[in-house]
Amino acid sequence: MSEPTIIPVPLSPETLAALDAWIARAKGAPSRGEAVASLLAGALGSHSPSSVVPSLVTGRDIV
């Protein structure tokens, strides 16, 4: 497996707070980078995301 590419992404304070809230609810307490990668992979369909995906805009769960 090749090394991952690091991509700096600016996040608003609201989005960062929503991401941190998602991490607090996630199993295994992923790092911010792991959480972003997991959410992106789920959005792109490259793996089977959990049945509950948080909305980074509202911080609420979408079922």
Could you check the simple spin-label distance between E3 and S31, using points 7 Å along Cα→Cβ, in nm with one decimal? 1.4 nm
In sequence order, what are the phi-derived ³J(HN,Hα) couplings for the range 9-18 according to the Karplus relation 6.51 cos²θ - 1.76 cosθ + 1.60 with θ = phi - 60°, rounded to whole Hz, with x for glycine and proline? 10, x, 10, 5, x, 5, 5, 5, 5, 5
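Where a number appears in this text, it was derived from the coordinates with a stated rule and is not lab data. Nothing here was measured: the structure is a model prediction, and the numbers come from that model. Using ideal geometry, Cβ is built from the backbone for each residue, glycine included, and neighbour counts are taken over all protein chains shown.
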